[in-house]
Every structure is written in structure tokens, then in C-alpha cells.
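Chemist: Quick one: this structure, given as C-alpha cells, is what I'll be asking you about.
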Amino acid sequence: MSKPGQRVLIALRKMIAAGELAAGERVFEVAVSEALGVSRTPVRIAFRTLEQEGLLVQHGARGYQVRSVSAQDIAGAVEVRGVLEGLAARQAAENGLDAAQLDTLRQCLMEGDVLFDKGHVSEDDLHAYHDLNMRFHQVIVQASNNPAIADALARNDHLPFASVTALAVDCGDLAREYRRFNYAHMQHHSIVDALASGQGARAEALMREHANATLRYAEVFDAASERMKVLRG
């Protein structure tokens, strides 16, 4: 996806997570493209992606509607991802990763170190992290040599914020986002160490804990829900 497309996608995820786009609200290409100052093409692509992620549902021929999502929905889907990716990490460690797989993981670590060693991040840095994070997780699932895990993850990815690619970023508070993603990157270092050492149980536990970083979205939804209750009296 292009950078404008990524920006639109992340902006819409944040708006949905924060309750700025409420459950049941209809969204349209023209209105969103004007509000975000982009053409309709990246908005159209973002809508389709958000539909696949379970955050939007089609409403008629020309629009989409924000899906009703609860903190429990998110927590349940993320817990399932943690179990599946934990299993993948354990099996990858027990099988042993090949040289190319370890090289890819270590390249992801080096790229992340460059992003976070500055002590701050920009919006572009977080786009770069999105890409390396996706590669990191894909390699571990591949190294498990268990196609059933990839199939199960693909089904789970259609639930809200369950996919590893479904990052919601608050560009209005990059200091907090630096802390959050730097912590996740430090977890990557520990996971690679466990994988390279053949420590299956440790790799599984670390990977399951790593998935829990996403549960911040559940907290955001809870807060947004409370705000909407107050606004609606």
C-alpha cells in the first residue's frame, strides 16, 4: 500500500478506536477524502482493508458503516492470535530456523534499532516499523512449518485489531507511541534470542506476551464507549 494509503488507513483506525467514528456511523469516500486531504483512491483501498479487518461493513452500494466493536471482542481475538503465534514460535524454535530465516529476523532487529535508538519516532518511522513488524511475524509463522497456523491466523485476522498489521497509531502523541513501539521492539530481541537458542517454551511465552501489547486497543475502546455514554446522556 502507498504511503498516502497507509496514512489514511491508520487515521481511520484511530478514529474508530477513539470513538470519533461511532458504531453504526456511515462513512463515504468523498467525505473522508475531503476531511483527510487525499484523493478518493487511498480512501477506497483503506475502506476495503478495514472491511477485511472487521472494522467496517458495507452499507448499500456506495458506503460503509462502522461495525460495533467491544473491548471484549478485541481481547478475545488478540488472545487467539497470541496462542497461535506462541505455538508458531515454539515449533519454530524446536524445528530450528534456517540461516535465511534468522538473517531476516536479525535484519528486522537492526532496522528497528535504527528507528528507536534516536529516542523518538516520526510518523514515517512508524510506517517503517509496520513493514518490518509484518516481516518479523511472517517469518516466525513460516518457520513453524505448520500451514494450519497460517490458515487459522488468516481467519482470525478478519476480527477487529486481531491482525498484526492492524496498527492504530496516535500521531498526536508520538512520545507515548515511541514508548509503546520501542517496548514491542525490545520484545522482538528477546523472541529472536529464544528462537536462535532453540528454547521453545520461552519463545512461546514471549510471543504470547508480545500479542498482549495490542490489548491497549481494548482499553481505548472501553474509554471511547464511556465517553459516548456521557455524550448521549
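Chemist: How are the C-alpha pair distances of the chain spread across 5 Å bins, as whole percents from the shortest bin up?
Modeler: All Cα pairs, binned at 5 Å, distribute as 1, 7, 14, 17, 18, 17, 12, 8, 4, 2, 0, 0 percent.
Chemist: State, as an integer percentage, the relative contact order of the chain based on alpha-carbon contacts under 8 Å between residues 6 or more apart.
Modeler: Result for the chain is 31 percent.
Chemist: Hey, in the GNM for the chain with a 10 angstrom Cα cutoff, which one of E25, E209, E79 fluctuates hardest?
Modeler: Checking each option, the largest mean-square fluctuation is seen for E25.
Chemist: What's the FRET efficiency of E20 with Q58 using the Cβ-Cβ distance as r and R₀ = 30 Å, to the nearest 0.05?
Modeler: Result of the calculation: an efficiency of 0.90.
Chemist: Full extension from D170 to S39: what is 0.36 nm times the residue separation minus their Cα-Cα distance, to one decimal in nm?
Modeler: Stretched out fully, the D170 to S39 stretch lengthens by 45.0 nm.
Chemist: Further, regarding this structure: Fewest Cβ neighbours within 10 Å first, please rank H189, H137 accordingly.
Modeler: Details: H189 15, H137 24.
Neighbour counts put them in this order, fewest first: H189, H137.
Chemist: Under DSSP H, which helices of the chain have Cα atoms covering 15 Å or more of the helix axis and a Kyte-Doolittle average no less than 0.0?
Modeler: 3-17, 71-95, 99-116
We did not get these values from a lab; they are worked out from the coordinates using the rules stated. Computed from a predicted structure; not experimentally measured. Heads up, the Cβs are rebuilt from the backbone with ideal geometry, glycines too, and the neighbour counts pull from every protein chain shown.
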